[in-house]
Each structure stands twice: as structure tokens, then as C-alpha cells.
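The values are calculated or read from the model by the stated rules, or taken from the named source; none is laboratory data. From a predicted model like this one, the values you see are computed outputs, not experimental measurements. Glycine also receives a Cβ, built like all others from the backbone with ideal geometry; neighbour counts cover every protein chain displayed. In case anyone asks, the SASA skips ligands and DNA or RNA and just uses the protein heavy atoms, side chains included. Shrake-Rupley method; radii C 1.70, N 1.55, O 1.52, S 1.80 Å.
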Amino acid sequence: MLGLAILLMFQFAGILLKEWLSLPIPANVIGMLLFTCSLFFGWVKLQWVEGAATFLIRHMMLFFLPYVVGTLVLSRYVETNKLLAVAFSLVASTIAVLLATGWVAKLLERKEAEANAGDR
Amino acid sequence: MPAIADWIQGPEWAVAVTVAAYAAALLLRNKFKWMHPLFTGAAAVILFLTFTDISYEDYRIGGDLILFMLGPATVALGVPLYKHSQRLRRHIPGILAGVMAGSVVSIAGAWLLASVSGLSTAILYSMIPKSVTAAVSVPLSEQLGGIPELTAVLTVLTGLIGSMFGPMVLKLFGIRRDLAIGVAVGTASHGIGTARLVNDSEWQASVSALSMSLSCIITPIFILPLYWLI
């Protein structure tokens with residue numbers, strides 16, 4: 001329970017910080033970065049949070065499930081004859097992003113490995 | 001029939017149905033590895049709503065309770081980030097370059113494909129920010145002149161596509177390294193992609209979590225020039 005309490009606290013801290021500084025980053029992501037820093041500086045001990053964090057992360061897909069159910073309202077915004085075009089654009093552009101990102105990351109990883117040979 | 005409507009107004013049934021659908025989807029995944037729990041689980045809930053003729057708005061009362069847990073779950077991604085921080089630091093240039101490339105292709109690609117497919121400008125603008133997490137993509141779409149509700153749906157679908165097929169597509173094109181898979185899936189399909197990698201490898205998930213965070217900062221910057229163009 002201590003772990004969950006800490007995670008909820010950081011989520012709330014993310015919301016507060018976003019509001020005070022009007023940051024354009026999502027509150028959850030701010031909370032995550034704050035939490036990572038706190039682990040880093042030893043303010044939060046890993047063993048306090050590991051149990052709760054492992055459980056929540058392992059079942060993260062459950063927490064996205066209602067969002068996916070929500071996609072059934074797509075037809076309210078897109079006419080039926082345009083659905084195929086939307087599906088095509090979604091799939092094709094997602095694949096393009098995956099490949100572009102993956103290729104660049106792969107290329108740079110190889111260059112880094114060459115720069116400091118033996119370092120993995 | 002007010003007697004029937006009473007329980008529908010509460011969150012309990014929707015929470016129970018969603019968790020049950022997810023648990024069943026996990027069992028199915030154990031039998032058939034290719035079945036994505038998020039897809040099968042959501043499909044089961046949608047079928048349930050269709051058969052019982054319950055509206056999505058009624059479902060949301062309970063659905064929102066489950067969505068709330070995304071907050072602490074996202075914060076919890078700090079654990080893999082912390083555990084792999086030494087290794088992540090060494091790969092910052094590659095991760096940063098990958099996210100930047102992905103953001104540019106995401107914006108340009110959505111624009112190009114939506115125009116080629118003959119979609120209206122409102123749909124086009126709703127599609128541009130779809131690779132970044134919903135908390136960022138929805139306000140971006142609003143500023144561009146898109147339909148925020150549509151962007152929310154497109155963002156989730158993009159996440160689902162990347163989450164279901166991302167690692168497979170990458171391997172098909174010879175991208176097999178953990179780092180590249182993590183950066184690509186995190187950049188293309190935000191938290192939903194990251195939620196899948198968690199079950200494959202903790203290192204991939206930590207790269208993905210960092211990439212999706214960087215994308216939240218980089219994508220809005222790259223979208224800025226569009227305001228002068230449109």
C-alpha cells in the first residue's frame with residue numbers, strides 16, 4: 001500500500017506542477033519524471049514502490065481498455081464512406097513512423113558502438 | 001423502466017465487465033500468443049454493449065474509474081526508467097534522434113496520407129498529432145482546428161496499431177535491436193505501445209517510456225511551423 005500511496009502522490013504532484021508552471025507536458029508524464037528523479041536521489045527507496053509499480057505496469061493494458069472501447073464512437077465523426085481512407089492513413093502513417101524511428105535509432109546505435117568499440 | 005436503469009447509472013457493472021473481459025483476454029493470450037489482450041478485451045466489451053443495447057455514455061461511468069489508474073501506472077514507469085538509467089544515458093543521442101525523426105515523419109506522413117486519401121481538412125488536422133499521447137494530441141488538434149474528440153479516438157487507434165503490430169513490422173524490416181524497437185514503439189504509439197513492451201522486455205519498456213516522454217516535448221515544437229502554413 002505504501003507503494004501505491006507514493007505513486008498516487010507523485011501523480012498529484014504532477015498535476016500541481018503542471019498547473020502552477022502551466023507546463024505543456026501531461027501531468028502523468030511530469031509525475032513519472034519527478035518519481036524517476038526521486039528514486040535517483042534516493043528520496044524514494046526502490047523496495048517501497050517496486051511491488052505496487054510492478055503490478056500496475058504489468059496490467060497497464062487494462063487501464064487503457066476503456067479508451068479502446070471509446071473508439072466505437074469513431075463513426076460519429078467520420079462518414080462511413082471515409083472510414084476505409086481513415087483506416088488506411090492510420091495504418092500506413094503508423095508504420096512509417098515505426099520504421100523511420102527504428103532505422104534512425106538503429107543507425108545511431110551502430111555508430112555509437114563503433115565510436116566506443118567493445119562497449120555494449 | 002426505472003428499476004433497470006438504476007444499476008446502469010452505477011460504475012460497478014462496467015468495472016466488473018471490463019476487468020472480466022481483460023482477464024479472459026489474458027487467458028486467451030496464454031493459449032494463442034498472437035492475440036492482443038487490449039484488442040480482444042475491448043472487442044468483448046463492445047460486443048457486450050451492442051448486445052445489451054447499453055450506450056457508451058453509461059459505460060463511461062465505470063470506464064472512467066479504470067482509466068483513473070492510468071495515472072499511477074504511468075508514474076510507475078519511473079521504476080524501469082530508474083533501473084536502466086545508466087544504460088539509457090549512454091543511448092541518449094540515438095533515442096533523441098529517433099524520436100525527432102519519428103515526430104517529423106508522423107506529422108508529414110499523416111498530412112500526406114490524409115490528403116492523398118481525400119479526407120476533409122478537419123479530419124486531416126485531427127490526424128496530425130495522433131502519435132503523441134492523448135493528453136498532448138487533443139489540445140494540439142484543437143489549436144490546429146481539428147476535432148478534439150476525433151483526435152482522442154485516432155490517438156488510441158494509433159496506439160493500438162503500434163502496440164499490436166509494432167515489434168512484428170520492425171522485425172520484418174530487419175530492425176531487431178531492443179533499443180530501436182523501444183524508441184520506435186514509444187514514439188509511434190505512446191503509452192499503449194509501451195504497455196505492450198512491458199510484457200516483452202523491461203529494457204525495451206524503459207526505452208519506450210523515455211521516448212514517449214521526449215515525444216510529448218518534441219512533437220508540439222515540430223507542429224509549431226504548421227500554424228503559419230495553415
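Considering (1) at the interface with another protein chain (Cβ under 7 Å from one of its Cβ atoms); (2) more than 23 Å from B:Arg89 (Cβ to Cβ); (3) open to solvent by less than 10 Å² (accessible area, probe 1.4 Å), the lone condition that B:Val169 does not fulfil carries the number (3).
Per-residue answers, yes or no, for (1) touching a residue at least 12 places away in the same chain (Cβ under 8 Å); (2) assigned to a loop (DSSP other than H, G, I, E, B):
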position	(1), (2)
B:Phe165	no, no
B:Ile175	no, yes
B:Val183	yes, no
B:Thr187	yes, no
B:Ser208	yes, no
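Regarding A:Glu79, is this residue out of contact with any His (no Cβ under 8 Å at 6 or more places or on another chain), of a type in the set (D, E, K, R) and in the same structural domain as A:Gly3 (by TED's automatic domain parsing)? When the stated conditions are applied, A:Glu79 does not pass them.
Matching residues to (1) assigned by TED's automatic domain parsing to the domain that holds B:His190; (2) within 22 Å of A:Met60 (Cβ to Cβ):
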{"residue": "B:Asp53", "(1), (2)": "no, no"}
{"residue": "B:Gly63", "(1), (2)": "no, yes"}
{"residue": "B:Arg89", "(1), (2)": "yes, no"}
{"residue": "B:Ala97", "(1), (2)": "yes, no"}
{"residue": "B:Ala108", "(1), (2)": "yes, no"}
{"residue": "B:Leu113", "(1), (2)": "yes, no"}
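Residues that are more than 7 Å from chain A (Cβ to nearest Cβ), hydrophobic (A, V, I, L, M, F, W, C) and touching a residue at least 24 places away in the same chain (Cβ under 8 Å) within the stretch B:136-160 comprise B:Leu140, B:Leu144, listed in sequence order. Of all the numbered requirements in (1) crowded, with 18+ Cβ neighbours inside 10 Å; (2) more than 26 Å from A:His59 (Cα to Cα); (3) of a type outside the set (Asp, Glu), B:Pro72 misses one, and that requirement is (2).
Contact annotation: residue pairs with Cβ atoms under 8 Å, 6 or more positions apart or on different chains, pairing a residue in the stretch A:38-59 that is more than 7 Å from chain B (Cβ to nearest Cβ) with a partner that is surrounded by 14 or more Cβ atoms within 10 Å (Cβ to Cβ) and part of a loop (DSSP other than H, G, I, E, B), are A:Ser38/A:Val44.
Of the helices (runs of 4 or more DSSP H) lying entirely inside the stretch A:29-85, those containing at least 1 residues that are surrounded by 20 or more Cβ atoms within 10 Å (Cβ to Cβ) and β-branched (Val, Ile, Thr) are A:46-58, A:60-70.
For (1) within 9 Å of another protein chain (Cβ to nearest Cβ); (2) in contact with a Ser or Thr (Cβ under 8 Å, 6 or more places away or on another chain); (3) buried (at least 18 other Cβ atoms within 10 Å of the Cβ); (4) in contact (Cβ under 8 Å) with a residue 12 or more places away in the chain, each residue gets a yes or a no:
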site: B:Gly41; (1), (2), (3), (4): yes, yes, yes, yes
site: B:Ile46; (1), (2), (3), (4): yes, no, yes, no
site: B:Ser55; (1), (2), (3), (4): no, no, no, no
site: B:Pro80; (1), (2), (3), (4): yes, yes, yes, yes
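Taken together, B:Ile221, B:Ile192 contain a single residue that is among the β-branched types (Val, Ile, Thr), part of a helix (DSSP H, G or I) and surrounded by fewer than 24 Cβ atoms within 10 Å (Cβ to Cβ), which is B:Ile221.
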